[in-house]
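To start, the structure under review is shown below, and the notes come after it.
Nothing in this text is a laboratory measurement; each read-out follows from the coordinates by a stated rule. Everything quoted here is computed from the prediction, not taken from an experiment. Glycine gets a Cβ as well: all are built from the backbone with ideal geometry, and neighbour counts include every protein chain shown.
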Amino acid sequence: MASAGTWGFYGRQRELNKLSDVFGRGRWFFLRLTGRRRIGKTTLVQRALAANREVLYVQIPDSQPSGVIGAVTEAMETFRLNEERYPRPTSLIELARLVSKMARDGMVVVLDEFQYFSRTRLLEFTSALQAEVDQLSANSEEVPGGLVVLGSLHTEIAALLEDRNAPLYNRTTDEIALGHLNAAAVAEIVRSHANYSAEHLLFLWSLFEGVPKFYRDCFEQGVIGADRKALLQQIFFESSSPLRYEAENWFLKEFRGQYDVVLKYVARNPGANHADIKAAVTSDRENEKQVGGYIKTLTDKFQMIEKRLPVFAKPKARKNRYYIFDNFLSSWLAALASPVAAMNFRPVDQLGEDAEARLKVCEGYSREKLAAQLYEERSRTGVGDFQLTDRIQGYWNSPDTEIDLVALDADHKRIRFGSCKRSSADLVVGAKQLDGHVDRFLKAFPKYTTWNIDRVAIAPSVPDDVRTSVESLGHIVQSIDELLDGVVA
């Protein structure tokens, strides 16, 4: 753990150990490391590499071959690679040969944004690299170095490495998929650099989820422990704010027209169904199929929207709901984009207040998401009193039946229903409402009436008097800190 004045390395220990093992083998490796932008792929590679290991890191531009060659040449100059030993490439074929030579010399070559090689104009490189990789693999014990490819668009990098017709199909030796930091790691960050409270943790997690770069931005700006309004103003509403253009630079500039409309609608209406989205973004039947295609692309290809079904629903059931997959994207589209765009026309204080009010609405779904994540993490690591046999899900069936969380332990015939509230003051009313929802659920699924049934009330923090009142109704009470207890960062 870092001191309050220094930034540390949080979470990722399992991935770091695997990466260090790959780099320490002393033989050829071709590692694929994927994850969304800002998730910490480059930092992880840097930490795993020994200080005396020679490295070439290149961020591949979405460009013509000449642009890629230019980026490689600049990187070679930056890393001060001897030009006689490593002549600068003048073509994509020569670049593939350069990668091979460096690996044979024991170097680690890191190609970031590797998915851009899926562009037709750059495919020559993957074909040339295939021949080099096959030779390196055939003599792997004699090749002390290797290649690391980083990718932020899953579908495109998968097309390069998983498609049976792709030149590099089945060539990687190792793969790591880097997701968000888990909630325990985020809690460690907050405890290290702020006056910790579960409410402040929920605020930060709802805003940034598990993207380490965003927490570091807050740390470097000195506001990671600041109140909500001060943090938002410093990070988003100043002329030099580090995240003022983050969403646009990350991906949104690539989405215009109906894609943009769909994303904004889902962000502002979490849990919207397919019909809701279609009705909101089109007024004529001619465009209905197109809107369905936009939803499918955003869900399957770019993984920006998540489709969820109620527990026990069949895959093709027409009860799906859609949510923005990433908390930061959801917060940006639903609460921050419009106020930030109005910075030159309205007082910053007013814009910050507007954004803060909108973010409180966003926290409704994010607290359910956080509780579900913690339940799954506790089960995966054998912590706590409930072992899951299925993914934790919600349940909805009609306007009068809504359950935030349904957890199953089929091995012991145990089912747990959960209600998540932002304030502990709402737990008693929420517990009484949950009882009615559970009764209707059990009428729909009578087989579970013979199981052991738990009802649980969840809030960031719970005072003793509220805990006593809720427990008197026969409900288990859990705070965020209780769910965090024992979970490893």
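Annotations for the structure displayed:
- For the pair residue 54 and residue 307, a Förster radius of 60 Å applied to the C-beta separation gives a FRET efficiency near 0.85, rounded to the nearest 0.05.
- Amide H contacts for residue 175 (H built 1.01 Å from N in the peptide plane; partners 5 or more residues away or on another chain; cut-off under 5 Å): 32.
- For the pair residue 354 and residue 433 in one chain, pulling the backbone fully straight at 0.36 nm per residue adds 25.4 nm over the alpha carbon distance.
- Residue 381-residue 174 FRET efficiency (beta carbon distance; Förster radius 22 Å; 0.05 resolution): 0.40
- Full-extension gain in nm, residue 16 to residue 273, via 0.36 nm per residue minus C-alpha separation: 88.6 nm
- For residue 443, a cut-off of 27 angstrom between C-alpha atoms picks up these lysines, skipping any fewer than 8 places away in its own chain: 307, 314, 316, 319, 369, 413, 421, 432.
- Highest to lowest packing among 372-383, 210-221, scored as the average C-beta count within 10 Å: 210-221, 372-383
- Other-chain or far-sequence residues with amide H under 5 Å of residue 210's (modelled H): 181
- Extension reserve of the residue 413-residue 64 stretch, reckoned as 0.36 nm per residue once the Cα distance is removed: 119.8 nm
- FRET efficiency estimate (nearest 0.05) - Cβ-Cβ, residue 164 to residue 80, R0 41 angstrom: 0.50
- Scalar couplings 3J(HN,Hα) for region 380-397, obtained by applying the Karplus form with A = 6.51, B = -1.76, C = 1.60 to θ = phi - 60°, are 5, 9, x, 9, x, 10, 9, 9, 7, 10, 9, 4, 6, 9, x, 9, 8, 9 Hz; x denotes Gly and Pro.
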